[in-house]
Amino acid sequence: MYDEPDGLVTRSTGTGGVSGEETPDAVESSLESRPDSHEDEKPHPRAAVVVLCLAGIVVAVMQTIIVPLIPELPTLLNAEPSNTTWAITITLLVAAVATPIGGRIGDMYGKRRAILGSLGFVALGSVVCALATSLPLFILGRGLQGLGFGIVALGISVMRDIVPPRHLGTAVGTMSASLGIGGALGLPIAAAIAQHVSWHALFWVCGLTAALAALGVLLTVPSNTVTAGGRFDAIGALGLGAFLMCLLLPLSKGASWGWGSPLTLGLLGGFVVLLALWAVIELRRDNPLIDLRILRTRPLFLTNLASIATGFAFYAMQLIPIQLLMAPTFTPDGLGYDMVHASLILAPSGLVMFAMSNVSGRMNAALGARVSLALGGVVIGIGYLIFIVGVAGPWGISWIHMLVLSCCIGAGLGIAYSAMPALIMQVVSVEQTGESNGVNALMRIIGTSTASAVVGMLLTWSMTSFTGPDGAAAAVPTTDGYLWASVIGLGACAVAALVAFAIPAHKGITETSV
């Protein structure tokens with residue numbers, strides 16, 4: 001199934017092909033012959049690293065700012081509730097397509113340019129949303145915001161170019177953690193602004209922060225990062241967008257369309273056909289959008305497979321706790337908090353993720369990135385076990401259980417998300433870092449989308465109505481629904497850990513390029 005022996009380092013020709021291979025010992029020997037290497041002499045660009053991490057946080061916030069508005073969107077935009085879900089779906093679809101394409105564009109024409117373009121789209125989309133008074137315009141703004149979601153993968157690629165090797169692991173871990181920080185802290189901030197100011201102000205603030213982040217990138221990030229050149233593969237980009245649309249659209253809308261409906265089944269069938277055709281075309285091109293020759297090697301294939309499982313486990317536990325925290329107290333396990341307080345209980349997970357990202361850089365160096373990735377899956381699994389025991393046990397579940405399990409999820413993600421780019425940079429050349437990290441980010445999106453579909457279906461299936469002492473009614477998932485969803489999430493943690501251990505061991509990050 002794989003074309004290359006384990007442990008070989010692939011070097012890019014700059015055109016998407018494979019020109020040669022070196023063993024880790026050969027790379028290490030060549031580096032030792034350059035004790036005065038420029039890589040070791042250049043200073044640590046701390047300001048650039050901070051700005052890139054802040055840009056990642058800004059983009060991560062875009063994923064969560066919509067959550068407090070979901071119940072109010074039909075009223076705010078004078079639209080049907082079934083149609084307002086497109087405000088979430090369109091961002092997911094655009095982000096999935098734009099992330100690997102943005103990584104490839106960054107490799108070819110300059111990563112700083114690609115980051116500035118991404119932030120520009122985020123700012124423009126935020127302004128459109130802030131001015132929107134109808135659903136179509138709001139959906140357009142959310143789609144433009146989705147074009148900026150590849151910044152984290154691009155930021156990691158920039159760091160490989162500008163950060164000294166001895167500091168690269170920590171910098172990459174911090175950049176990866178920006179996803180968790182933005183996601184965890186964005187929800188309570190967004191809820192507070194929407195509740196006490198206005199929902200328009202929420203998007204104006206987002207647009208301003210994106211513009212400031214772009215200014216920071218201009219001032220701190222060098223423009224002379226490594227580029228591969230070549231011609232952009234427009235056919236590959238169109239094919240990628242087509243088959244991802246056929247996959248992610250039914251995963252997002254299958255619950256409302258019906259999983260057995262002709263539309264859902266037709267799109268899934270179209271995904272299989274288009275993916276096969278796209279792969280055949282890309283393998284025959286000299287300068288493909290995504291180099292499948294490298295992605296099908298064992299280290300990258302298994303890393304991306306573990307990323308799907310990790311993304312599933314992460315997002316499944318994003319969907320479950322918030323519902324229990326906000327469920328009325330007269331329902332089973334309901335804790336009765338409002339959106340702001342529930343978000344604050346879960347917010348520390350982002351801070352834990354940030355803290356563990358710095359620790360995981362040292363873990364990658366000491367234990368190996370594959371062990372760190374497996375350990376991340378185990379720690380996330382501990383969070384699931386805490387939840388299962390709390391819900392199924394005789395003691396009942398409290399906000400303290402939620403706080404502890406969310407911190408476990410944050411710690412596991414901080415470890416796992418730092419290990420993924422480290423594993424990728426061990427086996428790809430500098431010229432293909434953006435492309436490969438973009439594909440890896442896409443794998444996480446596929447994992448989160450699948451979790452949204454599976455967990456959403458289970459919770460909806462178990463939905464039951466309860467009536468409170470004052471006659472108020474509430475429909476919430478049953479305990480069985482929560483347990484089934486969490487058991488499947490725990491299984492995803494086990495898959496992530498087992499696949500990570502199957503990744504071949506390797507000796508550090510590849511620094512060679514042509």
Between region 343-391 and region 411-440, the alpha-carbon center distance in angstrom: 17
Assigned charges on the beta-carbon of Lys, Arg, Asp, Glu; region 266-333 dipole about Cα centre (debye): 320
For peptides 133-140, 165-172, sequence by mean Cβ density within 10 Å, most packed first: 165-172, 133-140
Region 234-284 - percent relative contact order, Cα under 8 Å, separation 6 or more: 50
Zero-based 10 Å bins, Cα pair distances in the chain, whole percents: 4, 19, 31, 27, 13, 4, 1, 0
Protection proxy ranking of 105-115, 468-478 - average other beta-carbon atoms within 10 Å, highest first: 105-115, 468-478
Prolate/oblate/rounded call for region 418-467, Cα gyration tensor, a/c under 1.5 rounded: prolate
For region 128-230: relative contact order, % (alpha-carbon pairs under 8 angstrom, 6 or more apart): 29
Full-stretch length increase - T329, W395 - with 0.36 nm per residue and alpha-carbon distance subtracted: 22.2 nm
Neighbour-count ranking [beta-carbon atoms within 10 angstrom, fewest first] of L73, L277: L277, L73
In degrees, nearest ten, helix 262-284 long axis to first principal axis of the chain (Cα): 10
Within the chain: Cβ-based charge dipole about Cα centre, in debye rounded to nearest 20 (Lys, Arg +1; Asp, Glu -1): 380
Calculated FRET value between W257 and R46, using beta carbons and R₀ = 56 Å, to 0.05: 0.70
Cα-based helix-to-principal-axis angle, 369-392 vs the chain, degrees rounded to 10: 10
Cα gyration tensor shape for region 339-492, rounded if a/c is under 1.5, else prolate or oblate: prolate
At 1.306 mPa s and 10 °C, Stokes D of region 234-284 from Kirkwood alpha-carbon radius, µm² per second: 142
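Only the coordinates and a few stated rules stand behind these numbers; no lab work does. Quantities reported herein were computed from a predicted structural model and do not represent experimental measurements. Glycine also receives a Cβ, built like all others from the backbone with ideal geometry; neighbour counts cover every protein chain displayed.
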